[in-house]
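Throughout, read-outs are computed from the coordinates displayed, never taken from laboratory work. Since we're looking at a predicted model, the values are computed, not measured. FYI the Cβ positions are ideal-geometry reconstructions off the backbone, even for glycines, and counts take in every protein chain you see.
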Amino acid sequence: MSPATRAPLMLVPAVPGGNEDPGPPGLDDSSLLAGLKARDPSISKAFYARVRPLVDRTLSRLLGARDNEYEDVAQRALFELVSTINRFRGECPLDAWISIVTARVAYRTIRRRRAERRLFVDEEPQEASQATRSHAGAIAARQAIARVRVELERMNADRAWTFLLHDVYGYDLKEVGQITGVSLSAAQSRLVRGRREIHERIKQDVALSRFLKQSPEDE
């Protein structure tokens, strides 16, 4: 069957209202991968049960669970996982590959949003409250995050995203390159330049620079 006539979405079962039980995996990764590459529809539930938690974990980090396109992006990630399965050669753990493919879909989605990109998500207030011991400190932390976001928005988008994916979200440089579609050396160059630029921007913002130098104990 040619790629044009395949129906890879048959391997991504619809979950009306999110209430359908996808069922137990029942297959080890080797059997699951073999079934995916053979386009075996009988492994649909096993595939969904195996990858959906990792898709959700990645999207929650990059988009936030309350994102208004969340489920659409999740479905696009599932489609991408199925349609690109032949590219997986086992050079990294399957979990890492699922995360990378999902992050790539999220990256493309956020790039399309341009001005309304969400570089930091709903977890900000919680992180701010954990990083401070007073109501005033929490407000200051939230304001600092907002100022950092503004500076990131003003940066070259590729450098800003490389910085975020590597230093904030914890992807290694090889993974960042795979997510953003560039070579390892290009990702490294973007990271170096992105770090330098955001640090310079923070230095030029006296109030922000002062806040980031404070420790929770100082408050």
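Taking N as the number of residues in the stretch 41-112, what is its Cα Rg relative to 2.2 N^0.38 Å? Working shown, then result.
On the way: Rg = 11.9 Å, N = 72, 2.2 N^0.38 = 11.2 Å.
Ratio of Rg to 2.2 N^0.38 Å for the stretch 41-112: 1.06.
Can you give me the distance in nm between label points at residue 206 and residue 95, each placed 7 Å from the Cα along the Cα-to-Cβ direction?
With each label placed 7 Å out from Cα toward Cβ, I get 4.8 nm.
Fully extended, how many nm does the chain gain between residue 75 and residue 40 (0.36 nm per residue separation, minus their Cα-Cα distance)?
Result for the pair: 10.7 nm of gain on full extension.
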